[in-house]
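Comments concern the structure below.
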Amino acid sequence: MTATRWSLIGATTIAREWMVNAIRETGGEIVNVMSRDAARGRAFADEFGIPHAVTDLAAALDGVDAVYISTTNERHYAECMAAAKAGKHVLCEKPLATNYEDAAAMVEACRAAGVVMATNHHLRNAATHRAMRDAILAGKIGRPLAGRIVHAGTLPIQMLGWRLHTQGAGAGAILDLLVHDTDLMRFLTGDEPERVMTVAQNGGLAIAGIEDAAMSIVTFRGGFIAQMHDSFTTRYQRTSCEIHGDEGSLIAINNMAQAPAGTVTLRNQDGEVELPLVQEDYYVRGTRAFHAAIRGEGHPAVTGTDGLRSLAVALAARTSATTGKAEMVLS
Ligand code: NDP
């Protein structure tokens, strides 16, 4: 089997910390890395033994089968469209874009080009969340009625940049975090978000006009309701995800993270048990599924369309935070 040849579009923190390893661990070969800054790109290439560092997109797309796009969010659209046009498979970071129309065009361009497109929402790959989904599908909590996600903590120093000050790059807790929560709730319940109501806060970490925390309430088409707390500012909070059904509850603690972690407790008429988990790197698992999809074996863990759905909720939430009203999610 020949290795999938990759370009890393963006010499980024997420590529450095997780995705170089995930691509290689699952059989991919990284051919080049693209940065607008030649020196930064070269340093990144040297750090990871990547043969080429390039500064323009055409060079990045030359001689590769797939791209991993992890630049800031406003750049994903042009990079994805060019990659699809060149017939490259696309693994794109979330949020797919900073507006709905761009993200929809990206999904359509990949479909028309016949390439695999995936969104790098990592939390579906977590052992915690897969165990919760299995339990729900097995009827362990009856009918899922309500959920709650706390995706609140602090930003490590390497992330104290564009997220806090560059509106055009898709800064703020809503586009950065709520997209993950939404994707996770869709995965767990199989239900589709319909309306969202959000209040946003500036706690002084982000510049004025950009929210560094938000609380949202989402109603789903099938009747499920959920609350989400997304924040960069509450350093000592524990993350969690709860799904409550008419016959039981699932409670995950310390689960909304990048590194494998967390526990899940099932509470129902039989009492309380901790679900057994076999933890694996979330990004490795997702990239393995992406490689398989390229070979025609199944679908990516999170498709482009899934990324469009999570973005639609975040955009409606951002509007709601401004209008003060519940907003319909575009579909
Ligand atoms: P970074 O801030 O590390 O990099 C983003 C861009 O900023 C790069 O493309 C680069 O531009 C530029 N840049 C990088 N380092 C420097 C520097 N030292 N000085 C100046 N500019 C620099 O991005 P993140 O890794 O935090 O996020 C990238 C994407 O990944 C986003 O879409 C984000 O939402 C997503 N993400 C997803 C996660 C997940 O779990 N799925 C987790 C974290 C992020 P250039 O390429 O031109 O050099």
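Available extension along the chain between Ala326 and Glu247 is 25.5 nm, counting 0.36 nm per residue and deducting the alpha carbon span. Note on the chain: with charges restricted to the Cβ of Lys and Arg (+1) and Asp and Glu (-1), its dipole about the Cα centre is near 80 debye.
Expressed as a whole percent, the accessible surface of the chain that belongs to carbon and sulfur atoms is 51, based on a 1.4 Å probe. For Ala173, neighbours were defined as the other residues whose beta-carbon sits under 9 Å from its Cβ, and their charges (Lys and Arg +1, Asp and Glu -1) total -3. Separation of region 225-274 from region 1-80 is 34 Å, based on Cα centroids. Report, to the nearest 10°, how far helix 76-85 tilts away from the longest principal axis of the Cα atoms in the chain, using its own Cα long axis and a range of 0 to 90°. Taking Cα atoms only, the helix is inclined about 60 degrees. With bins 20 Å wide beginning at 0, the percent of Cα pairs of the chain falling in each bin runs 32, 59, 9, 0. Computed from the C-beta positions of Ala208 and Leu137, the FRET efficiency with R₀ = 41 Å rounds to 0.35. As an equivalent ellipsoid, region 231-331 spans semi-axes of 26, 25, 16 angstrom, where each value is the square root of five times an eigenvalue of the C-alpha gyration tensor, largest first.
For trypsin sites (Lys or Arg not before Pro), the sites in region 244-331 that DSSP calls loop and that have at most 13 other Cβ atoms within 10 Å are Arg295, Lys325.
Would you work out if region 77-200 is rounded, prolate or oblate? Take a ≥ b ≥ c from the square roots of the eigenvalues of the alpha-carbon gyration tensor; rounded if a/c is under 1.5, else prolate when a/b is larger than b/c, oblate otherwise. Because a/c hits 1.5 or more and a/b fails to exceed b/c, region 77-200 counts as oblate. Summing +1 for each Lys or Arg and -1 for each Asp or Glu among the other residues whose beta-carbon sits under 15 angstrom from that of Glu297 gives +3.
Surface analysis of region 207-253 yields an accessible area of 45 Å² per residue, using protein heavy atoms and a 1.4 Å probe.
Can you tell me what share of the DSSP beta bridges in region 90-239 is antiparallel? A percent to the nearest 5 is fine. If we restrict to bridges inside region 90-239, about 60 percent are antiparallel. Angle of helix 282-294 to the longest C-alpha principal axis of the chain, folded into 0 to 90 degrees and rounded to 10: 60°.
Computed from Cα atoms, the angle from the helix 127-137 axis to the main principal axis of the chain rounds to 50 degrees. Checking the a/c ratio against 1.5 first, then a/b against b/c, what shape does the Cα gyration tensor give for region 113-164? Taking the square roots of the gyration eigenvalues as a ≥ b ≥ c, region 113-164 is oblate.
Using every Cα-Cα pair within region 3-141, state what percent have a distance larger than 20 Å. Above the 20 Å cut-off, region 3-141 has 47 percent of its Cα pairs.
Based on the alpha-carbon gyration tensor of region 76-130 and its eigenvalue square roots a ≥ b ≥ c, which shape applies: rounded if a/c is under 1.5, prolate if not and a/b is larger than b/c, or oblate? Judged from the Cα gyration tensor, region 76-130 comes out prolate (a/c at least 1.5, a/b above b/c). Let me check I've understood the local charge: for Val329, count other residues with C-beta under 10 angstrom from its C-beta, Lys and Arg +1, Asp and Glu -1. What total comes out? After counting each charged neighbour, the total is 0.
The values are calculated or read from the model by the stated rules, or taken from the named source; none is laboratory data. Predicted model only: the values in this text are computed from it and were never measured. Here the Cβ is made from the backbone with ideal geometry for all residues, glycine too, and neighbour counts use every protein chain on show. To get the accessible areas, we keep the full protein, side chains included, count just its heavy atoms, and leave off ligands, DNA and RNA. Shrake-Rupley method; radii C 1.70, N 1.55, O 1.52, S 1.80 Å.
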